[in-house]
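Heads up: the structure comes next, in structure tokens.
The values are calculated or read from the model by the stated rules, or taken from the named source; none is laboratory data. Bear in mind that the values here come from a model prediction, so they are computed numbers and not experimental data. Here the Cβ is made from the backbone with ideal geometry for all residues, glycine too, and neighbour counts use every protein chain on show. For accessibility, only protein heavy atoms count, side chains too; no ligands or nucleic acids. Shrake-Rupley method; radii C 1.70, N 1.55, O 1.52, S 1.80 Å.
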Amino acid sequence: MSADDVTAAFDAEPALVPYVVAGDPSPEATEAYVEALVEGGADVIELGLPFSEPIADGPTIQEAIRRALDAGMTPAKYLDLVRDLDVDVPIVCMTYYNLLLQYGDGNEVESFVRDAAEAGVSGLIIPDLPVEESGELEAACEKHDVALVFIVAPTTTAERVERILERASGFVYVQARMGTTGARTDVSEDTYASLERLPASELPYAVGFGVSEREHARAIVEGGADGVVAGSVFVDRIAEAERVADAADALREKAAELKAGIRDADRNGTAKPETTK
Amino acid sequence: MSSTDDAGKFGDYGGQYVPEVLMPAVEELEDAYERYVLDNEDGFMDDFRARLRDFGGRPTPLGRADNLSARYGVDVYLKREDLLHGGAHKLNNALGQVLLAKYMGKERIIAETGAGQHGTATAMAAAYLDMPCEIYMGRTDINRQRPNVFRMRTHGAEVNPVDVGSGTLKEATNEAMRDWATTVEDTHYVIGSVVGPHPFPTMVRDFQSVISEEARRQSEEQLGRLPEAVIACAGGGSNTMGAFHEFIGDDDVALYAVEAGGSGLGVEEGEEYAPNSASLGTGSVGVLHGAKTKLLQTGEGQIVESHSVSAGLDYAGVGPELANLVDEGRVTPVNVDDDAALAAFHRLSREEGIIPALESSHAVAYLEEYDGDGPVIVNVSGRGDKDLDTVIEESTERDLPEAPDMEVFRS
């Protein structure tokens, strides 16, 4: 799959983009979880490649990353895992920049992008790489037809949004609130404010950070989003379950619930049409 | 004034590798740094210098260490940052940043701390300038630096323990960055060293360079010449850059950055552990905490736990400017192991009547290996009262010949 397939996954209806950490607690479990998420209605899978210092993540995902690293997950094993996945939705890799720099020889990020593309990764999200530092990775992504997804935060100025839209591909990740990742019990006012001020774009806007319930998914789509990203709510279920099969069931169910929320949305009622494609 | 592709680069090092949510704050800080620090807008730098004098007690002396000079046959001069208010060079930066936050209209201060010296300095500056303050500190460091925890609390700062990982500076920094990502609109994050995204490495260096500004002037006045070498310990590198900055153009002055050799060099693959904190001498290029620099990491890019008997040097990264100065050959990285640092702690205490911080003891220890003719300046970056418990315990364990016995306590 290519960068365009990531964008296309938002075409038919607003997309559900679940996130789990690869190798939490094992590569085999992750395969089962990804399949369950797709069965539950996931349109894109955001698969975390664990890094020891995840500064953009909250406690839930930090712990999952710790579990995956302790269980031996590495960039090479991550690509093997992606290669083995038997799903027909795009896989987007979320990780931190240092892992790309160390992959292969001599601080070249291209070797990672090349191997990731070959393994079946269609897009990258690197939360500690702002547009200012992204030149080298952007060139590599373009060369190997991998989408480079950027995050727009509540603090991002209009000028920066323009700069980000110029360089982004795949979709744009709209950070719904301040801080780090983590499930919340409400949809913040920031979310609506963020969506309202975003200019029309060729790229879909997917909202994440704090999404955990059907109602959130509905509200976010009615607010104008083209997709919903949810991570900690899934990771929580992986942490709680005693058996892989139980976790897979819980993930399938949760994905289906969020997807139902997306479908509940009245996109012509309270929606803000200027913010949708 | 917004960042360009070249913002804050030292060669290939430095930059701004932070989450998007922090970028506007980093840009705002860059703008404030340029206006207030570089251009002295509203007389900021005059205000800062006056406060460093009246509150901090600057200038600190450059004093000849007569007994060490006799021992080594080299004129040894000590730059006495241990005499700065609070007992370490950290106040130079903390006072500068808290004052800058005040000029910027920020309402809250956060900081990370390792040994607790930066946390203490920030808590002092925040109390002095009437700003609410929260300090993130690893659990391990809280336990091994109790006196500084008491001091921070006494100044009214909240101390937030960080239980993740090894519970040291790296984890505390992660947590402070997460706080900042949530509160960035009204909060200033006082980074404690010449690390982090631009403009921190440059700005912290500027606040700390008062050390070399004074030392250079004092050297000319007292010695009638510049020193042959300047020796400073290097963890993150703020006292190092502070002690070196004004000498960088003086090609005849050798600059030695003394890292913690801990109990052995290298990274133990598979263990995710480095028994040292020698990132300048033994690390590899990577991105951590907002900057590209030299790091202690596995071949795959996971950052490893570092080690030093000195909490303040116990960090897997180092300032990007220092990394570049090493690559350019201007700064020589050397290292001193735990035993040698402990021995130097006792030597300076007994022979010169100065109890140095364990961090600074690394710089003092390098005199054992130094083979020039002198004169040399050693930066005594802080005082060691905070380290006494650790030093007595570690010295006893190692049966260190330099250590005094503590039989007086036996009943």
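So here's what we get for this one:
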item: Shielding by partners - mean other protein chain Cβ count within 10 Å, residues of B:21-29; result: 5
item: Convex hull volume per residue in cubic angstrom - Cα atoms of segment B:1-138; result: 171
item: Alpha-carbon centroids, segment A:191-256 and segment B:312-384: separation in whole Å; result: 51
item: Cβ-defined net charge surrounding B:G11, 10 Å radius [Lys, Arg +1; Asp, Glu -1]; result: -2
item: For residues of A:125-131, the mean tally of beta carbons on other chains within 10 Å; result: 6
item: Calculated SAXS-style log₁₀ I(q)/I(0) at q = 0.17 Å⁻¹ - segment B:70-171, Debye, Cα scatterers; result: -0.73
item: 17 Å tail of the calculated P(r), segment B:301-364, as % of Cα pairs; result: 52
item: Three-way shape call for chain B based on the alpha-carbon gyration tensor, with the a/c threshold at 1.5; result: rounded
item: For chain A, calculated [θ]222 nm from helices alone, where every DSSP H run of n ≥ 4 adds -39500 (n - 2.57); result: -13500 deg cm²/dmol
item: Fraction of antiparallel bridges per DSSP, chain B only, in percent to nearest 5; result: 30
item: Sorted peptide list for A:229-235, A:152-158, A:84-90, criterion being average Cβ within 10 angstrom, highest first; result: A:229-235, A:152-158, A:84-90
item: Ordering of B:290-300, B:192-202 by packing [mean C-beta count within 10 Å, highest first]; result: B:192-202, B:290-300
item: Computed over chain A, the ratio Rg/Rh where both radii use C-alpha atoms and Rh is Kirkwood; result: 0.93
item: Centroid-to-centroid separation of segment A:104-152 and segment B:124-169 [C-alpha atoms, Å]; result: 38
item: Using a Förster distance of 45 Å, the FRET efficiency for A:T185-B:A127 (Cβ separation, nearest 0.05); result: 0.75
item: 28 Å Cα-Cα threshold exceeded, pairs from B:K9/B:K170; B:K9/B:K90; A:K77/B:K9; A:K254/B:K170; B:K79/B:K102; result: A:K77/B:K9; A:K254/B:K170; B:K79/B:K102
item: Accessible area per residue in Å² at 1.4 Å probe, computed on chain B; result: 34
item: Compactness of segment B:341-386 as Cα Rg over 2.2 N^0.38 Å, two decimals; result: 1.08
item: Antiparallel bridge percentage (DSSP; both residues within segment B:41-147; nearest 5); result: 40
item: Relative contact order %, chain B, counting alpha carbon pairs below 8 Å whose residues are six or more apart; result: 18
item: Translational D in µm²/s for segment B:173-277 (Stokes-Einstein at 4 °C, 1.567 mPa s, Kirkwood Rh from C-alpha pairs); result: 81
item: Relative contact order (%) - segment A:3-264, alpha-carbon pairs under 8 angstrom, separation at least six; result: 24
item: Two-decimal Rg/Rh across the protein assembly as shown, once Rg and the Kirkwood Rh are taken from alpha-carbon atoms; result: 1.01
item: Listed residues A:G23, A:G72, A:G261, most fluctuating in chain A (Gaussian network, C-alpha, under 10 Å); result: A:G72
item: Listed peptides B:281-288, B:326-333 by packing density, highest first (mean Cβ within 10 Å); result: B:281-288, B:326-333
item: Kirkwood Rh, Cα atoms: Rg over Rh of segment B:357-411; result: 1.08
item: Over segment B:240-318, volume per residue of the alpha carbon convex hull, in Å³; result: 107
item: Relative contact order (%) - criterion: Cα under 8 Å, at least six apart; region: segment B:20-174; result: 16
